[in-house]
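The values are calculated or read from the model by the stated rules, or taken from the named source; none is laboratory data. As the structure is a computational prediction, the values presented were derived from the model and not from experiment. Here the Cβ is made from the backbone with ideal geometry for all residues, glycine too, and neighbour counts use every protein chain on show.
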Amino acid sequence: MPKLLFARPLDHHERIHLESLIVGENESVKQRALVVLLSSQEQYRVPEIAPMVGMHVDKVRKWVLCFNEQGVQGLLPGRRKPGPRGKFDPALVARILELARMSPRELGLLRTTWTLDSLREYLLTRSIVDEISRESLRQILLRSDVNWQTHRTRGDDVARWLQQWQSHKTAYRTA
């Protein structure tokens, strides 16, 4: 028979802290605090608590164990480590943005617009950066509000051909 799991008995300060968390704004923390109070104070078992709070039994068990090991602090969301911020100095970011704003044709490439992959490849093959992921590049461009696909320009001939094609399609439909 499996061992019954309950949250350890609460001291006065822990109970007050948990009760204050229940009226807080963070829904996940409210739910976790309620799990501990139901388990410790009311002696509900984990399978009984799960449907009461809308959690899976494994999650309820996880939060009871976290509380038993770490106290109230174990219920609070951990500080998320930020990604590799500051990996590129401002001068390098400015250079990347400058290139992204240019048409690939101006740089001698046989394309009219950048894709993240093509811009990344250009930066890597020209040794402008040692390493950069698509997502890092995308974030740099988005933070600076740069659309890397705006350089599609059409020559006069192309515009004329397209206009002729459109008028041909219109004439064909009316006939």
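Do the conditions hold for Asn26, that is, is it outside the structural domain of Ile140 (by TED's automatic domain parsing), surrounded by 11 or more Cβ atoms within 10 Å (Cβ to Cβ) and modelled with pLDDT of 90 or more?
no
Look at Gly74 and say whether it is in contact with a Cys (Cβ under 6 Å, 6 or more places away or on another chain) and free of Cβ contacts under 8 Å to residues at least 24 places away in the same chain.
Judged against the criteria, Gly74 is a match.
If I ask for residues that are closer than 13 Å to Ala100 by Cβ, in a loop (DSSP other than H, G, I, E, B) and not hydroxyl-bearing (Ser, Thr, Tyr), which ones from region 115-133 would you list?
Ile128, Val129, Ile132 - these are the residues of region 115-133 that are closer than 13 Å to Ala100 by Cβ, in a loop (DSSP other than H, G, I, E, B) and not hydroxyl-bearing (Ser, Thr, Tyr).
Any idea which of (1) assigned by TED's automatic domain parsing to the domain that holds Trp63; (2) loosely packed, with under 12 Cβ neighbours inside 10 Å is the one Ser40 doesn't satisfy?
Unmet condition: (2).
Quick one: in region 49-82, which of the residues that are at pLDDT below 90 and exposed (fewer than 11 other Cβ atoms within 10 Å of the Cβ) is farthest from Ala7 (Cα to Cα)?
Ranking the qualifying residues of region 49-82, first place goes to Pro82.
Among all residue pairs at least 6 apart or on different chains, which show Cβ distances below 8 Å where the first residue, located in region 98-109, is part of a loop (DSSP other than H, G, I, E, B) and the second is exposed (fewer than 14 other Cβ atoms within 10 Å of the Cβ)?
So the pair list comes out as Ser103/Thr112; Ser103/Thr153.
Tell me which residues, restricted to region 134-148, are part of a loop (DSSP other than H, G, I, E, B) and either modelled with pLDDT of 90 or more or surrounded by fewer than 12 Cβ atoms within 10 Å (Cβ to Cβ) (or both).
Asp145
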